[in-house]
Amino acid sequence: MVINLHNVSFKYGNMNVIQKITTDFKPGELVSLVGPNGAGKTTLLKLLSGTLKPSSGKIYIYDQLSYNLTPKNRAIWVSMVPQNPKLPDEISISDFVMLGRNPHLGLLQWESKEDFNIALESMFLTEIDYLSKRKLGEISGGEKQRAMLALAITQQSPIMLLDEPTSNLDISHQMKVMKIIKKIHEQKSEFGVTVLAIHDLNIAAQFSDRILLFSKGSIAADGTPKEVLTKKNIKSIYGSEVTIITHPEHGTPVILP
Amino acid sequence: MKSPTNTSNQDLVLTYKYPWDKITLGIVVILICAVSGVAVGSVHIPITSVFLILFSKLDLFNESGELTSAWHTIIWNIRFPRVVLALLVGASLGISGATYQGLFKNPLADPYLIGVASGASLGATVIFLSGIPFTYGYFSLLPVASFCGGITAVFIAYLISIKSGNTHLSTLLLAGLAIGAFATAITGILMLRSDPDLRPLLSWLMGGFIRAQWSHSILIMPYMIVGVSFILSHSRILNTMQLEGYYAESLGVNIEKSKRILIVSATLVTAAAVSFSGLIGFVGLIAPHIIRLLWGTDYRTLLPLSGLTGAAFLILADLTARTIVSPIELPVGIITALVGSPFFVYVLLKTKGSTIDGY
């Protein structure tokens, strides 16, 4: 198992944001976390990335207790793309992407030619190579999002966590970024897991192997897109009537409001 | 994803070259500043004689006569040790300034402005006035006491800025200001209550190299070397620490450990500088900013070049301080403040325009 969660809960003050979640992420899975605002998607991602520590319960990453991992070991296994972090304005895009090599370098070790090539590759892949010399303060939100994705790809970790990776993108970029994520996921061999928190149910349906539908800090439904994104589930969790059809090309469910 | 105007750049190559060329340039500039610093003063000594005297130390030339031996003393025992101490102190302040700025994500952090230097000078004063003999061969208690004072000041300033809920630009500076003022006040009280005969000796606390001796440079060197080595070894970590804490941690940086190492090292370097030269402000602000403007924010480039710039700047500031109203000598801190204050305002205005943390 790549990641195991055992009775994981998380509280902000008295509020239970995550309530006793037990689940596994199997090798090779691309999993989407969906659900209304405040359902706990982002919090679960932060628990997986180690940014937050569970109030109770245990998280195992490759059978090791997440709590005991050093930042360095965790970074070798897990990369993440946070949602709208504060970023320093003055750093150049190529320097930023190169930070992804940090977990692989010793204190006194400098980037090798190979490290630079890995970063370059991910910049070509996310199509931000032309921004190489620009500074983070000078580029758009969508470009920043792609730069963060490039950084995470440069990290070459088998587990990749993404928080709303398409939120600042137009529809063409959304599709391109999702295809990149899928491609990277497939390249990662059978040991990798990709978990993304995402609002857009249709994107989730099209690209995921498995969907976890969150409601009030618990998993309300878990399964393939077809199993989870049903008229009944959406009515009970989101409270809205929808029509669900099958995508003519992909065979995945498409939700029409 | 690319708009048609953005041509694909297939032959883009990423590399990092250590800035040996800039470092060489910096060393040349420092040598020029140092020779000027040795040659220029209230007693005029021709530049050729300066070189002759410097080389005579290596027994290559032998000058005789009373006048030249007076020159010899001026250059070898007064001006040269002074220039070397200014060089070391300037380099220390430049490097520790750049480190504090990275640590606190605050472009205005300067060892003087965040209270470290005042705390360090209080530590030095206590030892100085306590009557404890503080020099034992090549070991002196002064840098150690400065370090204790400095580290206390920086931790209090940092705790206050955390306690107030934001490690915001202004909070840290204001906390540093308060601690600095407090430490300076205590230093003042101690000085006034001290033996009047000792007071002139304390003039170095006002910031300056009037009493600079060779032994001072030798005494602070070990602390500088240790502190600077730790800082330089963390250059790449400092780059990563420009990101928010959790983001840097997700890239494998042990934030708490790195912060502790860097605070202790930067304070050690500051304390070494303060222990024989007193309070000299703004060097740690000016030097890193010039380098950032010219060559960007990579700490591997920024740190060594800030050190070189700080060294050159302080040698020139000291040269100005002792010649501008010759034969009266101004404290060098006055010159650095005259240059530094407008610079501070400039950085403040520039920072206000962008986001506070992202610089």
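Every number here is computed from the coordinates shown, using simple stated rules; none is lab data. A quick note: this is a predicted structure, and the numbers were derived from the prediction, not measured. Positions of Cβ are backbone-derived with ideal geometry, glycine not excepted, and every protein chain shown enters the neighbour counts.
Computed values, structure above
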item	result
Phi-based couplings in Hz for region A:105-110 (Karplus 6.51, -1.76, 1.60; Gly and Pro marked x)	10, x, 3, 9, 8, 10
Cβ-based charge dipole, chain B, positive-most Cα from B:ILE237, B:LEU316, B:SER130	B:ILE237
Calculated FRET efficiency for the pair A:HIS247/B:LEU12, C-beta based, R₀ 30 Å, to 0.05	0.20
For chain B: rounded, prolate or oblate by the Cα gyration tensor [a/c cutoff 1.5]	oblate
Whole-Hz couplings from phi, Karplus 6.51/-1.76/1.60, listed for region A:195-201; x for Gly and Pro	10, 10, 8, 8, 7, 6, 5
Antiparallel bridge percentage (DSSP; both residues within chain A; nearest 5)	60 percent
Residue of A:SER56, A:SER79, A:SER240 that the Gaussian network model of chain A assigns the largest fluctuation, springs spanning Cα pairs under 10 Å	A:SER240
Note, ³J(HN,Hα) from phi for region B:233-242, Karplus 6.51, -1.76, 1.60, rounded to Hz, x at Gly and Pro	5, 9, 3, 5, 4, 4, 4, 5, 6, 5
Total charge dipole magnitude, region A:31-188, about the Cα centre, Cβ charges on Lys, Arg, Asp, Glu only, Debye to nearest 20	440 debye
FRET efficiency, 1/(1 + (r/R0)^6) with R0 45 Å, evaluated for B:LEU177 and B:LEU25 via beta carbons	0.80
Dipole magnitude of chain B, debye to nearest 20 (Cβ charges: Lys/Arg +1, Asp/Glu -1, about Cα centre)	580 debye
Gain on full stretching of the segment that runs from B:ILE47 to B:ALA185 - 0.36 nm per residue minus C-alpha separation	45.3 nm
Estimated inter-spin distance, B:ILE162 and A:HIS6, nm [label 7 Å along Cα→Cβ]	3.2 nm
Highest-fluctuation residue, A:LEU151, A:LEU229, A:LEU169 considered, GNM on chain A with Cα pairs under 10 Å	A:LEU169
Electrostatic dipole magnitude of the protein assembly as shown [Cβ: Lys, Arg +1; Asp, Glu -1; Cα centre; debye, to 20]	1060 debye
Helix-only CD estimate at 222 nm, as mean residue ellipticity for chain A, using -39500 (n - 2.57) per DSSP H run (n ≥ 4)	-9500 deg cm²/dmol
Three-way shape call for the protein assembly as shown based on the alpha-carbon gyration tensor, with the a/c threshold at 1.5	prolate
Residue (of B:GLY180, B:THR270, B:ILE75) at the positive-pole extreme of region B:20-352, dipole from beta-carbon charges	B:GLY180
By average C-beta atoms within 10 angstrom, highest first, the peptides B:262-271, A:215-224, B:121-130	B:262-271, B:121-130, A:215-224
Added length on full extension, which subtracts the Cα-Cα distance from 0.36 nm per residue, A:GLU190 to A:TRP110	25.8 nm
A:LEU256 versus B:SER341: modelled label distance in nm, points set 7 Å from Cα along the beta carbon direction	7.3 nm
A:ASP209 paired with A:LYS133, simple spin-label distance in nm, labels 7 Å along Cα-to-beta-carbon	4.3 nm
Convex hull volume per residue for chain A, taking Cα atoms only, in Å³	135 Å³
Ranked B:CYS148, B:CYS33, criterion: other C-beta atoms within 10 Å, fewest first	B:CYS148, B:CYS33
Tensor-based shape of region A:149-257 (alpha-carbon gyration tensor, a/c under 1.5 rounded, otherwise prolate or oblate)	prolate
Surrounding net charge for A:LEU107, when Lys and Arg each add one and Asp and Glu each subtract one, Cβ distance under 12 Å	+3
Share antiparallel - DSSP beta bridges, the protein assembly as shown, percent rounded to 5	60 percent
Sequence-distant residues sharing a close amide H with A:GLY192 (under 5 Å, placed H)	A:GLY28
Lys/Arg +1, Asp/Glu -1 at C-beta; region A:3-256 dipole; positive extreme among A:ALA150, A:GLY192, A:THR43	A:THR43
Rounded FRET efficiency, nearest 0.05, which uses the C-beta distance separating A:LYS226 from B:TRP76 and R0 of 56 Å	0.05
Ranked by how many other beta carbons lie within 10 Å on average, peptides B:224-230, B:86-92 from highest	B:86-92, B:224-230
Max mean-square fluctuation residue, GNM over chain A, Cα-Cα springs under 10 Å, options A:LYS183, A:LYS53, A:LYS41	A:LYS183
